[in-house]
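These notes are about the structure you will find just below.
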Amino acid sequence: MKKISVFILFVLLVGLFLTGCGGKQEAIDGRKIKLEFFQNKQEAVETYDYLIAKFEKENPDIDIEQNFVPESETVLRSRLAKNDIPEVMGLGGNAIYGELAKAGILASFSDDPKLKEVQESYIRMLQDLHGRVNNYGIPYTSNANTVLYNKDKFKELGLEIPKTWNEFIATAEKIKSAGETPFYLTFKDAWTAMIPWNSLAANLQGEDFIKQRIVGQTTFKERYDEVAKRLYSLLDYDHNDNFGMGYNQGNTAFAKGKAVMYLQGVWAIGSIEQANPDIKIGAFALPAVNNVSENKLVSGVDTVLTMSAKLDGKEAEAAKKFIHFLLEKENAQYYIDQERTFSTVKGVYQNNPMVDDLKPYFESGKIAAFPDHYYPSGMQVPNLVQEFLLNGDVGAFLDKLDNEWDKVYSRQ
Amino acid sequence: MAIPALVLFFAFHTLPALTGLFYSFTNWRGYGTWEFVGLKNYINLFKDARALDSYLFTFKFAIVATILVNVISLAIAIGLNAKIKFKTTLRAIYFIPNILSVLIVGYIFNYIFTFFLPDIAQVLGINALTKSILGNPDLAWVGVVILAVWQACGFNTLLYLSGLQTIDDTLYEAGSIDGANKWQQFKAITFPLIAPFFTINMVLAMKSFLMVFDHVVALTGGGPGRSTESISLLIYNGGFAGGEFAYQTANAVIYFIVILVISVFQMKVLQKREVEV
C-alpha cells in the first residue's frame, strides 16, 4: 500500500514537472515562432488584435498571442517572481518600467534604428526613469493629462478656455454662481487626485526636483507648498460627495452633464462617450501658473514597447520585427486613430477635433513629464494625497511625503 | 500512508513558508538580483508608521467584528433552534450570505453605502449620513465591519446550532420545573454547555477577521487615505504593487507570529473557562 502511494506521488510530481517545462520547448522546436505580447491597456485590445492579424499575414511563421489582464502591473510583478517573463511587452512609461529596466529584465534597445524615428523628448523621459543613457524600450504612444470640459455648457454659460490659474479659478467661480457644478471630483479612487496633482506639480515643482530630492538637496516641504494649496483649493468647486464617488461614477456623471469640467486625462474620453454618445467634449491643459507662455501640458509615455532580455536568436529577431511593425507610420496612425492617444513617431499626428486645443503644446514642445512617475512606487503617493485632501493640513502632508520618501529609500 | 502526506505537506506548505522566511532577510524586489540585508527589514518595520496604523485598524476591526458576529450568531442560532415554522428553510436562508463571494457582495454594499443610504438620509434629514460613509476616514471602517459581520454570521450560526443540538431537552424541563425563566436557563444551561463551541467560534472569527482582505478591497481599497488598510492589504499593496517584496515578507512573518500568539492565548483563556464550568 505504501509503495503504491509513493509511486503515485512520484508520477504526479514528475507529471507536474514535465508540464511545467513543456510550453517553452515547443516554441523553440516548432516551425512557428510563438510569442506572447503582454500589454496593459484594456481599451486597446481590439486595436492590437487588428494589428496582430495584419502582422501575422505578412509573417506567417510568427504567431503573436496578445495577453491583457486587469491589474497588469501587479500580475507582471508576480510573474517575474516566478521568473516567467513575457516575450514582448507593451507597458506604461512609469516608475515600474524604470524598476524593471534597472533590474535587467528588459532587453537593450540602444542601437535600435527605430529610435531615430521617434520624438526625442519621450526617449529622454524613459531614460530618466531608469537613470542611464541606455534604452530598454521604444516609446510608442503618449497621452495627455488634461481638464475635460463640456463644450455645450461652456457655450451656454459664455465661457472660454482659461489660460492662467487665476482665469481657471474665475471660470470655476462663474460656473458655481450659475448654479452648476464646476468639477466632478472622484477621490474615492485615490489615483484620480493625481490628475490635477500632476499638472500642478509639473509646472510648479521647479527644475530638476527629483534629481535634487534623491541627493537630498531639496525637499517636498520646500517645493510643493503651492502645489498642495492649489490642489486643495479645487475642493471649493466640487459636488457634495467627493470621496464617495470613483472614476467610473465620475465618467458617467460627467457624461450626463452633472458637471461642466472634469479633471481627467484624454484616456477617459472613450468611456464618457460610451455613457453618452451625444456629448461634445473638449480638452485643455490645466493652467497651473499665471504666466501663459510658461504653462506646460503634462504628457507621458502611454505605451512603451519592449521585450524580455532572455530572448535570443530567432525569437529575439521575431520580437523585434513585431515591435518595428507596430512603429511603422501607417500602423502607428491606425493605433492612435482608434485610441485617441498621441503618437511618438515623428510625422504621425492625432487629427481628432476633440483634442485640437492640445495641439499647440505638442507642436511647440511645451510638454512636461508626469511627476508621479518618478516617485518610488513604495511611497504610494495617491493615498497620501487622498488623506491630505480629507484633512487639509498642508504642513503635515509635506512632512509626510518627505518622511515616506526617506523611508522607502532607506529600505532599498 | 503518512509519508506521502508528509511529503505533500512539506512541499506545498512548509517549503514555501521557509522560502518566505528566507527572503525576509534579503532585499529581493520579487525579481532581479538580491543580497542579504540581515535584520534590516524587521528593524525598518518597527519604524514604519504605516505598518503600525494598519495593525491598529486591523485589531480595532477584528475585535469589534468578532464580538458582533458571536453575539448575533448566538442569538440567531437560539432563534433557529426554537420550535418555529419553516426552521430548515430559515436556516438555509441565514447561511446564504456565507456562500456568496465577498467581492460581489462588496460591490452591492458599495452601491448601498454610496447611493442608497445617502438618499434615504437626505429624505429623513440626517445630515451626517448624506455623504457616503466609505468616503469618510472616521466611518469607513464601520462599513467594512457591517459587510464582514453580515457575511460571517451564517457560518458561526451554523456552528452554534450544532452546539445547541447537543443539549439534552430534559435539562430545560428540569430547569422550568425549578422555576427558571428564559434568561436564567440561557445563563445556567445553554451557555455553559456550548462553551467549547463558543471557544472555537471566537478563535475562528478572530483569526479570519485579522486576515481581512477582500472585504476591504471590495469596499474601499484601503482608503480613504490609509484609514482602512488592513495588514493583509498592506502586505499585498507594498509587496506586489509597491515592489517591496522582501520587506513585506518580513511583515508577513511578524504577522503570522502575532496571529499564532493571539489564537493560542484565546484558546488557553477560553478553554480554562470551559473547565471551570
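The values are calculated or read from the model by the stated rules, or taken from the named source; none is laboratory data. Note that this is a predicted model, so its numbers are computed, not measured. Because the Cβ atoms are built from the backbone with ideal geometry, glycine has one as well, and the counts that use them run over all protein chains shown. To get the accessible areas, we keep the full protein, side chains included, count just its heavy atoms, and leave off ligands, DNA and RNA. Shrake-Rupley method; radii C 1.70, N 1.55, O 1.52, S 1.80 Å.
Residues in region A:362-399 that are without any contact (Cβ under 8 Å) to a residue 40 or more places away in the chain, more than 20 Å from residue A:233 (Cα to Cα) and not assigned by the TED database to the domain that holds residue A:128: A:378, A:379, A:380. When region B:217-264 is limited to residues that are among the aromatic types (Phe, Trp, Tyr) and under 17 Å from the mean Cα position of the chain (by Cα), the one that is nearest to the other protein chains (Cβ to nearest Cβ) turns out to be B:255. Would you check which residues across region B:120-144 are open to solvent by 10 Å² or more (accessible area, probe 1.4 Å) and either at pLDDT 90 or above or at positive phi (or both) and list them? Of everything in region B:120-144, those that are open to solvent by 10 Å² or more (accessible area, probe 1.4 Å) and either at pLDDT 90 or above or at positive phi (or both) turn out to be B:125, B:141, B:142. Tell me, please, whether a residue that is within 14 Å of another protein chain (Cβ to nearest Cβ), touching a Phe, Trp or Tyr at 6+ places or on another chain (Cβ under 9 Å) and surrounded by 19 or more Cβ atoms within 10 Å (Cβ to Cβ) can be found in region A:350-372. There is at least one residue in region A:350-372 that is within 14 Å of another protein chain (Cβ to nearest Cβ), touching a Phe, Trp or Tyr at 6+ places or on another chain (Cβ under 9 Å) and surrounded by 19 or more Cβ atoms within 10 Å (Cβ to Cβ).
Residues in region B:20-60 that are farther than 21 Å from residue A:406 by Cα, without any contact (Cβ under 8 Å) to a residue 40 or more places away in the chain and open to solvent by less than 20 Å² (accessible area, probe 1.4 Å): 1 in all. Within the set A:398, A:384, A:327, the sole residue that is touching a helix residue (DSSP H, G or I) at 6+ places or on another chain (Cβ under 9 Å), within 11 Å of another protein chain (Cβ to nearest Cβ) and not small (Gly, Ala, Ser) turns out to be A:384. Is it true that residue A:271 is in contact with a Ser or Thr (Cβ under 9 Å, 6 or more places away or on another chain) and at pLDDT below 90? Yes; evaluated as a whole, the condition is true for this residue. Does residue B:12 fit the bill of being surrounded by 17 or more Cβ atoms within 10 Å (Cβ to Cβ) and not basic (Lys, Arg)? No, not satisfied. The set of residues from region A:135-158 being free of Cβ contacts under 8 Å to residues at least 60 places away in the same chain and in the same structural domain as residue A:242 (by the TED database) comprises A:155, A:156, A:158. Can you confirm whether region A:31-42 contains a residue that is open to solvent by 30 Å² or more (accessible area, probe 1.4 Å) and in contact with a Phe, Trp or Tyr (Cβ under 9 Å, 6 or more places away or on another chain)? Taking every residue of region A:31-42 in turn, at least one turns out to be open to solvent by 30 Å² or more (accessible area, probe 1.4 Å) and in contact with a Phe, Trp or Tyr (Cβ under 9 Å, 6 or more places away or on another chain).
What is the one condition in (1) out of contact with any Asp or Glu (no Cβ under 8 Å at 6 or more places or on another chain); (2) modelled with pLDDT under 90; (3) within 14 Å of chain A (Cβ to nearest Cβ) that residue B:190 does not satisfy? Exception for residue B:190: condition (3).
For region A:52-62, the condition of being assigned by the TED database to the domain that holds residue A:123, surrounded by fewer than 20 Cβ atoms within 10 Å (Cβ to Cβ) and within 28 Å of residue A:370 (Cβ to Cβ) holds for none of the residues.
Of all residues in region A:149-200, those satisfying the criterion of being more than 14 Å from chain B (Cβ to nearest Cβ), part of a helix (DSSP H, G or I) and under 28 Å from the mean Cα position of the chain (by Cα) are A:151, A:165, A:168, A:169, A:172, A:195, A:196, A:197, A:198, A:199, A:200. Condition check for residue A:335 on (1) in contact with a strand residue (DSSP E or B) (Cβ under 8 Å, 6 or more places away or on another chain); (2) within 9 Å of another protein chain (Cβ to nearest Cβ); (3) not aliphatic (A, V, I, L, M): one failure, at (2). I'm checking my understanding of the structure. Among residues of region A:53-67 that are assigned to a helix (DSSP H, G or I) and free of Cβ contacts under 8 Å to residues at least 60 places away in the same chain, which one is nearest to the other protein chains (Cβ to nearest Cβ)? That would be A:56.
Does residue A:338 meet the test of being of a type outside the set (A, V, I, L, M, F, W, C), in a helix (DSSP H, G or I), surrounded by fewer than 23 Cβ atoms within 10 Å (Cβ to Cβ) and within 21 Å of the chain's Cα centre (by Cα)? When the stated conditions are applied, residue A:338 passes them.
Are any residues in region B:82-98 in contact with a helix residue (DSSP H, G or I) (Cβ under 8 Å, 6 or more places away or on another chain) and in a helix (DSSP H, G or I), and if so, which ones?
B:87, B:90, B:91, B:94, B:95, B:96, B:97, B:98 - these are the residues of region B:82-98 that are in contact with a helix residue (DSSP H, G or I) (Cβ under 8 Å, 6 or more places away or on another chain) and in a helix (DSSP H, G or I).
With a requirement of 3 or more residues that are in contact (Cβ under 8 Å) with a residue 24 or more places away in the chain, the helices (runs of 4 or more DSSP H) lying completely within region B:149-232 that satisfy it span B:195-210, B:214-219. Residue count for region B:218-258 satisfying the condition of being among the β-branched types (Val, Ile, Thr) and out of contact with any helix residue (DSSP H, G or I) (no Cβ under 7 Å at 6 or more places or on another chain): 2. With the requirement that a residue be farther than 16 Å from residue B:250 by Cα, away from chain A (no Cβ under 11 Å) and among the aromatic types (Phe, Trp, Tyr), what does region B:13-59 give you? Passing the criteria: B:57, B:59. Looking at region A:68-136, the helices (runs of 4 or more DSSP H) lying wholly inside it that each contain 3 or more residues that are under 18 Å from the mean Cα position of the chain (by Cα), surrounded by fewer than 18 Cβ atoms within 10 Å (Cβ to Cβ) and away from chain B (no Cβ under 13 Å) sit at A:120-130.
With the structure loaded, tell me whether residue A:319 is open to solvent by 40 Å² or more (accessible area, probe 1.4 Å), in contact with a strand residue (DSSP E or B) (Cβ under 7 Å, 6 or more places away or on another chain) and under 25 Å from residue A:56 (Cα atoms) or whether it fails that test. Taking the combined requirement at face value, the residue does not satisfy it. Restricting to region B:69-119, name every residue that is within 14 Å of chain A (Cβ to nearest Cβ) and either free of Cβ contacts under 8 Å to residues at least 24 places away in the same chain or open to solvent by 60 Å² or more (accessible area, probe 1.4 Å) (or both). Listed by number, the residues that qualify are B:103, B:107, B:111, B:112, B:114, B:115, B:116, B:117, B:118, B:119.
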